[in-house]
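A.B. asks: Encoded as structure tokens, here's the structure I'll be asking about.
The values are calculated or read from the model by the stated rules, or taken from the named source; none is laboratory data. Every value quoted in this text rests on a predicted model; they were computed, and no experiment measured them. Note that each Cβ is placed from the backbone with ideal geometry, even for glycine, and that neighbours are counted across all protein chains shown. In case anyone asks, the SASA skips ligands and DNA or RNA and just uses the protein heavy atoms, side chains included. Shrake-Rupley method; radii C 1.70, N 1.55, O 1.52, S 1.80 Å.
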Amino acid sequence: MSILALPELANIPFVSAENLQPPAGVPTGVNTLDDFLLWKGVPKGDLTLFQGSPGTGATSLWVSMTQKAHEQNKWVAWINGGAQLLPTHLVSRQVNLKKLLVVKEPREAEQLFWVLQELITSSLFEVIGCELKEMFFKNHQLQKLKKLCRFHKVALIFVCHKAMRFVNPLFSLVIQFQRDFVTIQRALHRPTPFSVAGSTINANFMPQLKNAARKLLG
């Protein structure tokens, strides 16, 4: 019987457990969500989908992410589909308007696809949000956007008001918003679905509003 010699292990680089780092993410500002997700927030260099009708908290969570990005002196872009981001509300949530670009949604789908590509490849933005009534991008378009996000390390988040029966697997993170619950339907290396009470989410926003009110009154 021939004996196979083991390869030399001395020249193989090993990484200690202390030096292992999870994939990069952008904090949501909600500790329960950030602690659960591998990225400690939404993934950078990837696609995320927020699904929920107006008033269920999807846009509020995006605003919370914007505030966290601004704490790190990063730029954020938002393509406005219908919900109006009022400056007074954004300031009350400690959003830096000087580092927020708001773009009106183009009428044509192809124009929107072009705008997203331009925003991503500019390498100016940490987070890009895009509000849609329903998801209409085709598979090859999402593939291209995902590839660009990965290269430029941008977190692209679609806020879609109409829930999809079948969610494209190109989305690495999918969060469903309802009035009483927020459910993570898909997340890398995490057991899903994972639900959080809506009151837990809103509780994270109250300190920001109270601090802003003190500044205005003080």
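A.B. asks: Below 12 angstrom from the Cβ of Cys149, what's the summed charge of the other residues (Lys, Arg +1; Asp, Glu -1)?
C.D. replies: +4
A.B. asks: Same structure, new question: According to a simple spin-label model (label point 7 Å from Cα along Cα-to-Cβ), what is the distance in nm between Ser122 and Leu38?
C.D. replies: 3.1 nm
A.B. asks: Please list, ordered by chain and number, the residues whose modelled amide H lies under 5 Å from the amide H of Ile79; skip anything fewer than 5 residues away on the same chain.
C.D. replies: Val103, Gly129, Cys130, Glu131
A.B. asks: Tell me, what % of the accessible area of the stretch 148-207 is carbon and sulfur with a 1.4 angstrom probe?
C.D. replies: Taking all protein chains in place, the stretch 148-207 shows 58 percent carbon and sulfur surface.
A.B. asks: Sorted by mean Cβ packing within 10 Å, highest first, what order do the peptides 160-172, 54-66 take?
C.D. replies: Final packing ranking: 54-66, 160-172.
A.B. asks: Further, regarding this structure: Cross-link candidates for Lys153: which aspartates and glutamates have Cα within less than 20 Å, leaving aside residues fewer than 8 places away along the same chain?
C.D. replies: Counting by Cα, and skipping residues close in sequence, Lys153 has these aspartates and glutamates nearby: Asp34, Asp46, Glu71, Glu118, Glu126.
A.B. asks: Could you give the nm distance between label points at Lys147 and Arg179, where each point is 7 Å from its Cα heading toward the beta carbon?
C.D. replies: 4.4 nm
A.B. asks: How about Lys133: which lysines have a C-alpha closer than 17 Å to its C-alpha, ignoring those fewer than 8 places off in the same chain?
C.D. replies: Lys104, Lys162
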